[in-house]
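Engineer: Dropping the structure in here first, questions after.
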Amino acid sequence: MSKTKPARAGLGSRFDDFLRETGDYEVVTDAALKQVLAWQLEQAREEQGVTKADLAARMNTSRSQLNRLLDPSNADVTLTALQRAAGALGRKIRLELSDERAGAVTASKGKKARIKSKVVIKSATRIRKAKAQTRVTARASKHG
């Protein structure tokens, strides 16, 4: 007989509420968003076989500036720099302005809004899993 864990309905929204109560919501979501963008840029660069030196040249910047841009822990990055990096890789950054006021979301849009609010957390989880898988794959190829 297999044991299953009970479903945890609304965990994401409770976490969002907790972060808002502690005043950390904006900081955490900003950091997570930057990590996601840095990871996506790095993945696009690797998929295209573009070296960091080549990408820096395409952006007309230095390699050290590019390293700061791609550093997930460096939150001091401008939107312009992110757009230049994306453009140099043939990509676009899409932004969306959404209404976060309580009650502003209608019932028909409620589910979509809740899904969007969880994207940052899920994306950060996917990054950790992808990095872990990459490390496992790299180790396997070194030993194999």
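The values are calculated or read from the model by the stated rules, or taken from the named source; none is laboratory data. All of these numbers come straight from a predicted model, not from anything done at the bench. Every residue, glycine among them, receives a Cβ derived from its backbone with ideal geometry; neighbour counts consider all protein chains shown.
Engineer: Which numbered condition trips up V120, out of (1) at pLDDT 90 or above; (2) part of a helix (DSSP H, G or I)?
Structural biologist: Condition not satisfied by V120: (1).
Engineer: On to the next question. Just to verify a result, which residue in segment 44-101, among those that are basic (K, R) and loosely packed, with under 12 Cβ neighbours inside 10 Å, is nearest to D17 (Cα to Cα)?
Structural biologist: R101
Engineer: May I pose another question? Just checking, which of R14, R8 is modelled with pLDDT of 80 or more and over 15 Å from A75 (Cα atoms)?
Structural biologist: Residue meeting the stated conditions: R14.
Engineer: For segment 48-63, how many residues are on the phi > 0 side of the Ramachandran plot and basic (K, R)?
Structural biologist: Total satisfying the criteria: 0.
Engineer: Also, quick follow-up: Does T51 satisfy being out of contact with any His (no Cβ under 9 Å at 6 or more places or on another chain), at pLDDT 85 or above and of a type in the set (S, T, Y)?
Structural biologist: The answer is yes for T51.
Engineer: Search segment 28-55 for residues being outside any helix (DSSP H, G or I) and of a type in the set (S, T, N, Q), and hand back the single one that is farthest from S73 (Cα to Cα).
Structural biologist: Going through the qualifying residues, I end up with Q48.
Engineer: Moving to a separate point now. What are the pairs with Cβ atoms under 6 angstrom where one residue, in segment 23-40, is closer than 15 Å to L70 by Cβ and surrounded by 17 or more Cβ atoms within 10 Å (Cβ to Cβ) and the other, located anywhere, is modelled with pLDDT under 85 and among the hydroxyl-bearing types (S, T, Y)? Sequence gap at least six, or different chains.
Structural biologist: V36/S123
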